[in-house]
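Below: one structure, written as structure tokens.
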Number of protein chains: 2
Amino acid sequence: MTAYVRDGSEIYRRSFAIIRAEADLSGLDPALARAVVRMIHACGMVDLTRDVAASSGFAAATVAALAGGAPILCDTAMVASGITRSRLPAANDVVCTLSDPDVPRLAAELGTTRTAAALELWRDRLDGAVVVIGNAPTALFRLLELIEEGAGRPAAVVGVPVGFVGAAESKIELARHPAALEHIVVHGRRGGSAIAAAAVNALASERE
Amino acid sequence: MTAYVRDGSEIYRRSFAIIRAEADLSGLDPALARAVVRMIHACGMVDLTRDVAASSGFAAATVAALAGGAPILCDTAMVASGITRSRLPAANDVVCTLSDPDVPRLAAELGTTRTAAALELWRDRLDGAVVVIGNAPTALFRLLELIEEGAGRPAAVVGVPVGFVGAAESKIELARHPAALEHIVVHGRRGGSAIAAAAVNALASERE
């Protein structure tokens, strides 16, 4: 059996050093760079930087919202599982409404996916929240519709749904939305719950 | 706002059709192809096939073990969250021991990561289980050590830890291990909990 590094802190240290050596982080402010490094760590791909785009205030808005106790609204249980609770600065609520018993009925009524319908149950917490979409393009599209309907304005949106139908389009829509939301996206097909959670974990604490 | 597809079944159907059109699935038996399609679906990258390798009996062994009620042992809560319970053929237990209160002490005693130490609590369920490592290379290395110590032989191993330190090495070690375990890996740095869970979800049911 090959010898291997068993010290968790040392694994993190070496991993982040490799990422910082290989990835092109030029032009990113320190907080945003911290987020991108951890997103790369979650997927193993230093070329993720090619597709990452963020609004200029995204990192600061997320840091401030989390410090102020904003809830973290997640599209799926996998995203919610990926948020490291011990990094959160204000014991922030991590919310996923997808398994709520009302969701199948809402999805049928609204003629949409369960993941999108679950956002109906975010209405009273959306304003000022940190929204994290790591899976479903329909959830990101629905989020933008809710905002257009005046349901509230999140402090920041991590928009990294993954896949082949609607994912790329939903991220373009977020990035150019007239509401000018603070956001980060991974353009194209790539994304996923681990990358989404990593962005939040990075901004929740300065600790690497 | 752009019009978008809202019908979940239609999104799945179109997604899998795009993947089957773009990905090179030649030479894979139908069950293994189903697994690879869903792994691609989870990460948005059709070139994942370049790095996927499986033992010839992996898909059949996983299908049979799940049908026989084998537990699914997962390295992290994200992997466990990603397993779609409604697809499981025998209401199989989905087990993640990482948050067990004994794990920090075990990690200190064994001088390893918590993710690896958590495998100590798998000993009585390892034989015949489906093991799914989606995050930690140290967990995959530790699994191979446990098997060498005679702790039991899993029916199949999904080995797709992600990252920069040990991930690639741990997957090579699994693929060439003298125990000749039934396995699937994604060689290199890529991997993750969504890809790991997707392999199980695909083999748990023939339904696309």
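Calculate the dipole size of chain B relative to its Cα centre from +1 charges on Lys and Arg beta carbons and -1 charges on Asp and Glu beta carbons; express the result in debye to the nearest 20. All intermediate terms of the calculation are to be shown ahead of the outcome.
Details: 20 positive and 23 negative charges, 116 e Å.
The calculated dipole for chain B is roughly 560 debye.
Which value, in Å², gives the accessible area per residue of the protein assembly as shown when a 1.4 Å probe is used on the protein heavy atoms?
With the other protein chains kept in place, the protein assembly as shown gives 38 Å² per residue.
Given points 7 Å out from each Cα along the Cα-Cβ axis, report the A:ASP102 to A:ASP127 separation in nanometres with one decimal.
Result: 1.9 nm between the two label points.
Shape verdict for the range B:112-173, please, from the Cα gyration tensor: rounded (a/c under 1.5), prolate (a/b greater than b/c) or oblate. Don't jump to the answer; show the numbers that get you there.
Details: a/c = 1.86, a/b = 1.52, b/c = 1.22.
Since a/c reaches 1.5 and a/b is larger than b/c, the shape of the range B:112-173 is classed as prolate.
Using θ = phi - 60° and the Karplus form 6.51 cos²θ - 1.76 cosθ + 1.60, what ³J(HN,Hα) does each residue of the range B:105-110 get, whole Hz, x for Gly and Pro?
Those phi angles translate into 5, 4, 5, 5, 4, 8 Hz.
Under a GNM of chain A (C-alpha, springs under 10 Å), which listed residue has the highest mean-square fluctuation: A:ARG87, A:ARG14, A:ARG142?
In this elastic network of chain A, the residue with the biggest mean-square fluctuation among A:ARG87, A:ARG14, A:ARG142 is A:ARG14.
Mind telling me which of B:VAL165, B:VAL130, B:VAL37 comes out most flexible in a GNM of chain B, alpha-carbon contacts under 10 Å?
B:VAL165
What's the local net charge at A:PRO71, with K and R +1, D and E -1, over the other residues with C-beta under 12 Å away?
In short, -2.
According to the square roots a ≥ b ≥ c of the eigenvalues of the Cα gyration tensor, what is the shape class of the range B:165-208, taking rounded for a/c under 1.5, prolate for a/b larger than b/c otherwise, and oblate for the remainder?
Details: a/c = 3.81, a/b = 1.52, b/c = 2.50.
Verdict is oblate for the range B:165-208.
Towards the positive end of the charge dipole of the protein assembly as shown, with charges on Cβ (+1 Lys, Arg; -1 Asp, Glu), say which of B:ILE18, B:GLY128, B:ALA151 has the farthest Cα.
Farthest towards the positive pole: B:ILE18.
Using the Cα centre as the reference, give the magnitude of the dipole from point charges on the C-beta atoms of the protein assembly as shown (Lys, Arg: +1; Asp, Glu: -1; all else neutral), rounded to the nearest 20 debye.
Values: 40 positive and 46 negative charges, 51 e Å.
Once rounded to the nearest 20, the dipole reads 240 debye.
To the nearest hundred square angstrom, how large is the accessible surface buried between A and B, total for both chains, probe 1.4 angstrom?
Interface between A and B: roughly 3500 Å².
Classify chain B as rounded, prolate or oblate, taking a ≥ b ≥ c as the square roots of the eigenvalues of its Cα gyration tensor: rounded when a/c is under 1.5, otherwise prolate if a/b is larger than b/c and oblate if not.
Judged from the Cα gyration tensor, chain B comes out prolate (a/c at least 1.5, a/b above b/c).
Leaving out ligands, DNA and RNA, what percent of the accessible area of the range A:96-208 is carbon and sulfur, probe 1.4 Å?
Answer for the range A:96-208: carbon and sulfur cover 48 percent of the accessible area.
How much mean residue ellipticity at 222 nm does chain B get from its helices, if each DSSP H run of length 4 or more adds -39500 (n - 2.57) and you divide by all residues, to the nearest 500 deg cm²/dmol?
Estimated from H runs of four or more residues: -12500 deg cm²/dmol.
Evaluate the charge dipole of the range B:169-208 about its Cα centre and quote only its size in Debye, nearest 20, assuming +1 on the Cβ of each Lys and Arg and -1 on the Cβ of each Asp and Glu.
With only Lys, Arg, Asp and Glu charged at Cβ, the dipole is about 180 debye.
The values are calculated or read from the model by the stated rules, or taken from the named source; none is laboratory data. Nothing here was measured: the structure is a model prediction, and the numbers come from that model. So basically every Cβ, Gly included, is an ideal-geometry build from the backbone, and we count neighbours across all protein chains shown. For accessibility, only protein heavy atoms count, side chains too; no ligands or nucleic acids. Shrake-Rupley method; radii C 1.70, N 1.55, O 1.52, S 1.80 Å.
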